[in-house]
Amino acid sequence: DLERALATRVVQAWAAALEPGVVAPRAVDPLPTDRSESASTVRSTSFVQAPTVVVDRAGDGDFRTIAAAVAAVDGADTTIRVKAGTYREALVLSGHVAVVADGGAGTVVVEATGAPAVTVREGAPLVRGLTLRVVANDAGGLADVAAILVTGGSPIVSGCDLSSSIGDGIVVRGAGAAPLIRECVIHDARDYGIYVHTDGRGTFERCRVTGNALAGIGVKTGGDPDVRECTIADGKAGGIFVYENGRGTFEGCTVTGNAKTGIEGTGGGDPEVRACTIADGKAHGIFVYENGRGTFEGCTVTGNAYSGIARSEEH
């Protein structure tokens with residue numbers, strides 16, 4: 001049964017660790033320590049030497065579905081290695097569980113219908129190398145349906161491909177939500193690529209956000225993300241939209257080729273933008289209006305169809 005299979009794998013992993021001359025397998029490589037080191041980064045080291053279980057939809061593993069493995073480990077410090085294939089399920093992760101594509105990025109697809117592919121409400125789980133996508137159901141679009149929905153905790157998401165045909169790529173909602181999203185591609189969402197709201201936070205590093213129907217990044221209602229060295233490109237609307245008292249720090253980002261304004265602040269939106277390039281948009285480079293604010297330092301604004309920087313009390 002599932003419990004026996006899990007127990008067997010755990011015993012085998014720890015027995016290997018205790019055998020002289022044998023080093024237990026590392027569940028994940030530690031994230032590099034650099035200027036962006038955070039509490040989430042430090043927590044990632046807790047996955048080293050965690051016991052491992054294997055998911056294989058063909059049956060050559062401990063579980064056939066990721067959800068069954070997640071339920072069995074119940075948030076414990078365990079690595080779930082997923083063999084190549086498409087898994088049509090929706091995952092709810094917690095604790096310090098790690099879900100890792102065994103064959104590397106692009107080999108594992110998690111496809112959810114009408115619900116987030118991954119939901120995190122607490123803990124610091126890790127997701128690495130997965131393709132996460134949401135497809136429509138008969139109900140159509142629903143609020144906060146995203147490839148990843150974070151309403152609490154500090155998950156670490158690395159090297160993933162995220163899309164949603166009925167919602168956002170990533171939603172971060174609530175004061176307790178603070179993910180670390182690193183080197184992911186967030187694309188072709190029906191709404192925002194990344195949507196941070198209702199006091200959500202989080203760190204986004206070296207991600208590519210492209211081809212989304214609304215702004216690549218939307219921030220509102222006290223949302224305050226830290227966005228570093230990301231590319232927000234070729235959106236069907238604007239690049240970054242900060243509104244209704246949203247905030248956010250954007251540093252070293254490239255905002256280019258979007259169909260509307262590169263960076264837009266309105267309704268008390270107050271971003272801090274440093275050392276960014278805002279280029280080749282189809283409207284203004286930067287547009288602040290209707291009680292919008294913002295700090296812009298050391299930026300390059302070039303090649304936009306309208307003004308490089310515009311301010312107005314009216315749209």
**OP:** Please give the contour-minus-distance gain from ALA71 to ALA175: 0.36 nm per residue of separation, less the Cα-Cα distance, rounded to one decimal in nm.
**Re:** 34.8 nm
Original post:
Projected area of segment 69-118, taken from the Cα convex hull and averaged over every viewing direction, in nm²?
Top reply: 3.4
**OP:** Quote the FRET efficiency, to the nearest 0.05, computed for ILE309 versus ALA136 with a Förster distance R0 of 35 Å and r equal to the Cβ-Cβ distance.
**Re:** 0.35
**OP:** Determine, at each q value in 0.13 (inverse angstroms), the log₁₀ of I(q)/I(0) that the Debye formula gives when each Cα of segment 157-210 is one equal point scatterer.
**Re:** -0.28
Subject >> Kirkwood Rh and Cα Rg combined as Rg over Rh, evaluated for segment 115-222 >> reply: 0.93
Original post:
Tell me, what is the FRET efficiency for GLU297 and SER165 to the nearest 0.05, using R0 = 45 angstrom and their Cβ-Cβ distance as r?
Top reply: 0.75
**OP:** Using the heavy atoms of the protein chains and a 1.4 angstrom probe, tell me the accessible area per residue for segment 60-182 in square angstrom.
**Re:** 32
Original post:
Expressed in nm to one decimal, what extension gain is obtained for the pair THR221 and THR86 from 0.36 nm per residue of sequence separation less their Cα-Cα distance?
Top reply: 45.0 nm
Subject >> Cα centroid separation - segment 77-112 against segment 147-180, whole Å >> reply: 15
**OP:** Compute the Kirkwood hydrodynamic radius of segment 174-285, taking the inverse of the mean of 1/r over all pairs of distinct Cα atoms, and give it in Å to one decimal.
**Re:** 13.1
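The values are calculated or read from the model by the stated rules, or taken from the named source; none is laboratory data. Just so you know, these numbers come straight off a predicted model, no measurement behind them. Every residue, glycine as well, gets a Cβ built from its backbone with ideal geometry; the counts of neighbours run over all protein chains shown. What goes into the accessible areas is simple: the full protein's heavy atoms, side chains included, and nothing from ligands, DNA or RNA. Shrake-Rupley method; radii C 1.70, N 1.55, O 1.52, S 1.80 Å.
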